[in-house]
Amino acid sequence: MTHGSVAVLTGLLAGALACSRAPTTTPTPVPTADSAQAASPGGVFRTAEEGGRIDNSTTAFPSTYHPLPSHSVVIRGANIMTAAGPTLKGASILLQDGKVAAVGTSVAVPDGAEVIDAAGKWVTPGIIDTHSHLGVYAAPGGQSLSDGNEATNPNTSEVWAEHSVWPQDPQFGLALAGGVTTIEILPGSANLFGGRGVVLRNLASTTVQGMKFPNAPYALKMACGENPMRVYGSRGRAPSTRMGNMAGYREAWIKATAYKHRWDRWRADGADPAKMPDRDLGLETLMGVLDGQIRIQNHCYRADEMAEMVAMSKEFGYHIASFHHAVEAYKIRDLLKREGICASMWSDWWGFKLEAYDGIRQNIALLAEDGACAILHTDDPDGIQRMNQDAAKALEAGTEAGIQLTGDDAIKWITINPAKALGLDAEIGSLEPGKRADVVVWSADPLSVYAHAERVYLDGALVYDRSDPSRQPVSDFMLGQPGETR
């Protein structure tokens, strides 16, 4: 566990509920440029002609994200780890109109394109973190910025993490300097159902909507194991046991199934607005899962509990996108592969509570060896700055155990595999023509402890340059007040 800042001490109680560890809060710069605001307000319901269904993909809080202006760029002569195949040595990549236009050893340079000599350097897709609390546990910490857990009821599926995100959180900028371009912000794990998570583009805005990944599926954060038991059992409430946890989930899914049936029946009967069922915010989220619009991101440590959650998903007819933390995923890697469920794991965190005690450093490598969807996540504002190094640690642990993996495998753990868990692998996660031009230029092999992210592109726009202070954005929070001394 990391406890290296005053912010942790001032916000320890609330932060400890975020997931399994209290978040540290190191100040960091964040871009000050805002994204343009879209005129369309979006909507909550489709029309009666379209079936009257509550639409969880077009909400009352639509994305207003717009990429920054960009121009054609050719990064030439680099070692390119595409996350779609083996590393291309001495290759080039063309970024054009915000997309990857071409990648290979014979890329033509369009007229007027900027050419960057990257000989001896490395290029990867932008890094993706599937599990973060940036913005909801913002720096500098303390109770006033402890916004990640609505720890007032075991089921708070009605809350949305985006309504707690503080866009000025200076921790976004340090993540950007580490090559992180896309982040899933989740509520904490105090509750059985913690609420909706949101996927953000790591470009600061004055509003969270200006950071929202357009049309990205929402998440529903669920948590099993010790956290809900501890939080509510200590108050003399249910759940206080693992069987209480399971009963609480099942009761909620039974209600959600009935709620979905009411809406389905209303639609089948003609979707008369005068007879529209009453809305319930929490059940809307659960119905979104049952309708396949919202993806389950499930905090769960033990193999036996993950297997129970899979069985429950079959009982109620939904799919789990990823188990998070999952320190015992190696024990059920065959089940995860068969069910098409990802595991979002740490490289080497274990032992900080009993359910984390059977973790091993080879966890990620063992899943990758068997062909399961292995992901490295952080759940930590410090770790998100060095995800490339954590991937290297996980690869080394596997290599020491005799598991035959390569650097190209390790890069997938922080790029294309997390994109799959978020339902966004058609847009991000690999350097293939037509995908968003989220690109990181590294000073050295990104799996080296000495490598730095030199340039970071988001939708083809340069948003971070290690050698140019004007491209190292600073948040309003870090600028402080006039006359303030530091």
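The values are calculated or read from the model by the stated rules, or taken from the named source; none is laboratory data. Fair warning: this is a prediction, and the values are worked out from it, not measured in the lab. Cβ sites come from the backbone with ideal geometry, for glycine too, and all protein chains shown count toward neighbours. For accessibility, only protein heavy atoms count, side chains too; no ligands or nucleic acids. Shrake-Rupley method; radii C 1.70, N 1.55, O 1.52, S 1.80 Å.
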Query raised in the report: Given 0.36 nm per residue, what is the gain on full extension from SER443 to ASP468 after removing their alpha carbon distance, in nm?
Result: 7.5 nm
Requested in this report: With only Lys, Arg, Asp and Glu charged, each at its Cβ (+1 for the first two, -1 for the last two), find how big the charge dipole of the range 120-198 is about the Cα centre; round to the nearest 20 debye.
Outcome: 260 debye
Report summary line: In this structure, the FRET efficiency calculated for ALA268 and PHE316 from their beta-carbon separation, with R0 = 25 Å, to the nearest 0.05, is 0.75
Report task. Treat each spin label as a single point 7 Å out from the Cα along the C-beta direction, and report the GLU400 to ILE360 distance in nm. Result -> 1.3 nm
Query raised in the report: Between the range 82-99 and the range 344-422, how many Å separate their Cα centres?
Result: 24 Å
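Would you work out the charge dipole size for the chain about its Cα centre, treating the Cβ of every Lys and Arg as +1 and the Cβ of every Asp and Glu as -1, and quote it to the nearest 20 debye?
Numbers: 42 positive and 55 negative charges, 124 e Å.
Once rounded to the nearest 20, the dipole reads 600 debye.
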Report summary line: Excluding residues fewer than 8 positions from LYS89 in its own chain, the lysines with Cα under 17 Å of it are LYS121
Report summary line: Taking 0.36 nm per residue of separation between ALA60 and ALA102 and subtracting their Cα-Cα distance, the length gained on full extension comes to 11.4 nm
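Protein chains only, probe 1.4 Å: how do SER347, SER467, SER448 rank by accessible area, largest first?
Working: SER347 5, SER467 100, SER448 35 Å².
Most to least solvent-accessible, the answer reads SER467, SER448, SER347.
Counting only C-alpha contacts under 8 Å and six or more residues apart, can you give the relative contact order of the range 358-486 as a whole percent?
Numbers: 161 pairs, mean separation 19.9, N = 129.
Taking the mean separation of contacting Cα pairs over the length of the range 358-486, I get 15 percent.
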Query raised in the report: Where only protein heavy atoms count, and the probe is 1.4 Å, what is the accessible area per residue for the chain in Å²?
Result: 39 Å²
Requested in this report: Run the 1.4 Å probe and let me know the accessible area of TRP442, rounded to the nearest 10 Å².
Outcome: 10 Å²
Query raised in the report: How big is the antiparallel share of DSSP beta bridges in the range 214-340, given as a percent to the nearest 5?
Result: 0 percent
Query raised in the report: Roughly speaking, what is the stretch gain from ASP278 to ARG338, that is 0.36 nm per residue apart minus the C-alpha to C-alpha distance, in nm to one decimal?
Result: 17.7 nm
Query - Using θ = phi - 60° and Karplus 6.51 cos²θ - 1.76 cosθ + 1.60, couplings along the range 298-303 (whole Hz; Gly, Pro as x) - result: 10, 4, 6, 9, 8, 4
Report summary line: Between the modelled labels at HIS261 and ASN215 (7 Å from Cα along Cα→Cβ) the distance in nm is 3.4 nm
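For each pair in LYS221/LYS275; LYS221/LYS420; LYS255/LYS314; LYS221/LYS255; LYS99/LYS212, compute the distance between the two Cα atoms and list the pairs where it is over 21 Å.
Working: LYS221/LYS275 32 Å; LYS221/LYS420 17 Å; LYS255/LYS314 16 Å; LYS221/LYS255 18 Å; LYS99/LYS212 18 Å.
Cα-Cα > 21 Å for LYS221/LYS275; rest within.
Rounded, prolate or oblate: pick one for the range 155-299, where a ≥ b ≥ c are the square roots of the eigenvalues of its C-alpha gyration tensor, a/c under 1.5 means rounded, and failing that, prolate if a/b is larger than b/c, else oblate.
Details: a/c = 2.58, a/b = 1.23, b/c = 2.10.
In terms of gyration-tensor shape, oblate.
Compute the signed sum of charges (Lys and Arg +1, Asp and Glu -1) over the other residues within less than 13 Å, Cβ to Cβ, of LYS221.
Values: positive: ARG196, ARG295; negative: GLU150, GLU158, GLU162, GLU184, ASP379.
Every neighbour counted, the sum reads -3.
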Query raised in the report: Around ALA175, what is the net charge, scoring Lys/Arg as +1 and Asp/Glu as -1 over all other residues with Cβ under 11 Å from its Cβ?
Result: -3
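Based on the alpha-carbon gyration tensor of the range 234-359 and its eigenvalue square roots a ≥ b ≥ c, which shape applies: rounded if a/c is under 1.5, prolate if not and a/b is larger than b/c, or oblate? Spell out each step's value before the answer.
Working: a/c = 2.95, a/b = 1.92, b/c = 1.54.
The shape class here is prolate.
Calculate the FRET efficiency for GLN143 and GLU432 from the Cβ-Cβ distance with a Förster distance of 35 Å, rounded to the nearest 0.05.
On the way: r = 45 Å, r/R0 = 1.29.
Once the sixth-power term is evaluated, E becomes 0.20.
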Report summary line: Per the helix-only model, the chain has a calculated mean residue ellipticity at 222 nm (DSSP H runs of ≥4, -39500 (n - 2.57) each, divided over all residues, rounded to the nearest 500) of -7000 deg cm²/dmol
Query raised in the report: Cα gyration tensor of the range 172-239, axes a ≥ b ≥ c as square roots of the eigenvalues: rounded (a/c below 1.5), prolate (a/b > b/c) or oblate?
Result: prolate
Report summary line: Taking every other residue with Cβ under 9 Å from the Cβ of LEU200 and scoring Lys and Arg +1, Asp and Glu -1, one gets 0
Query raised in the report: When the Debye formula is applied to the Cα atoms of the chain, each taken as the same point scatterer, what base-10 log of I(q)/I(0) results at q = 0.13 Å⁻¹?
Result: -1.24
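How many percent of the accessible area of the chain is carbon or sulfur, using a 1.4 Å probe? Could you put the intermediate results ahead of the total?
Values: 9800 of 18880 Å².
After summing per-atom areas, the C and S share lands at 52 percent.
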